[in-house]
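First the structure, in the form of structure tokens, and then the observations on it.
The values are calculated or read from the model by the stated rules, or taken from the named source; none is laboratory data. These figures come from a predicted structure and were not determined experimentally. Because the Cβ atoms are built from the backbone with ideal geometry, glycine has one as well, and the counts that use them run over all protein chains shown.
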Amino acid sequence: MEIKVLAPAKINLTLDVTGKRPDGYHNILSIMQSVDLYDTITVTDNDSGQITVSCNYEGVPCDEKNICYKAAERFFIATRNEGQGVHIDIDKVIPTQAGLAGGSTDGAAVLMGLNKMFDAFLKPDELQDFKKCLIFWHRILLSANLIM
């Protein structure tokens, strides 16, 4: 089975740093808006027993360092589906390192695709629990287009 998911870029309409957390990251208050710029994530199941990643954009890691790989790995652990083979292809249009959440929305798109592919029936709130494996998480792809 193959599933394609569009992963939208986002912009920060406001961004306030409100403090530093014990893990070194900062607490922020932000209003974000998705924009009409998308990466296309294609998730294809297979019998390899491995998670593989490909990407058309030079410099994006295609191994276990990739946020999409991490999202898939966590998904399979959480749904007790370890050993499942899946290939994730990232057709990258959103520039990397530009503050547009390209990696984060790609990871969210993988979760959405796997949730549908494997009939896991995880709700958006349950998918939010995967935020620990993602560097920066937001709900643009999982719920509304405008979030606070």
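Considering only segment 97-112, state which residues are under 17 Å from H87 (Cβ atoms), crowded, with 24+ Cβ neighbours inside 10 Å and in contact with a strand residue (DSSP E or B) (Cβ under 7 Å, 6 or more places away or on another chain).
Within segment 97-112, D106, A109, V110 meet the criteria.
Going through segment 93-115 one residue at a time, which ones are more than 12 Å from the chain's Cα centre (by Cα) and closer than 18 Å to I51 by Cβ?
Hit for segment 93-115 is N115, nothing else.
Take the residues in segment 33-77 that are among the basic types (K, R) and part of a helix (DSSP H, G or I); name whichever of them is nearest to L114 (Cα to Cα). First the steps, then the outcome.
Going residue by residue through segment 33-77, those that are among the basic types (K, R) are 65, 70, 74.
If we keep only those that are part of a helix (DSSP H, G or I) too, we end up with 70, 74.
Working: K70: 13, R74: 11 Å.
Among residues in segment 33-77 that are among the basic types (K, R) and part of a helix (DSSP H, G or I), the one nearest to L114 (Cα to Cα) is R74.
Out of everything in segment 78-112 that is in a helix (DSSP H, G or I) and aliphatic (A, V, I, L, M), what residue ends up being nearest to I31 (Cα to Cα)?
Among those that are in a helix (DSSP H, G or I) and aliphatic (A, V, I, L, M), it is A108.
Select from segment 113-140 the residues that are at pLDDT below 85, out of contact with any Ser or Thr (no Cβ under 8 Å at 6 or more places or on another chain) and either surrounded by fewer than 15 Cβ atoms within 10 Å (Cβ to Cβ) or part of a helix (DSSP H, G or I) (or both) and list them in ascending order.
F121, K123, D125, E126, L127, Q128, D129, F130, K131, K132, C133
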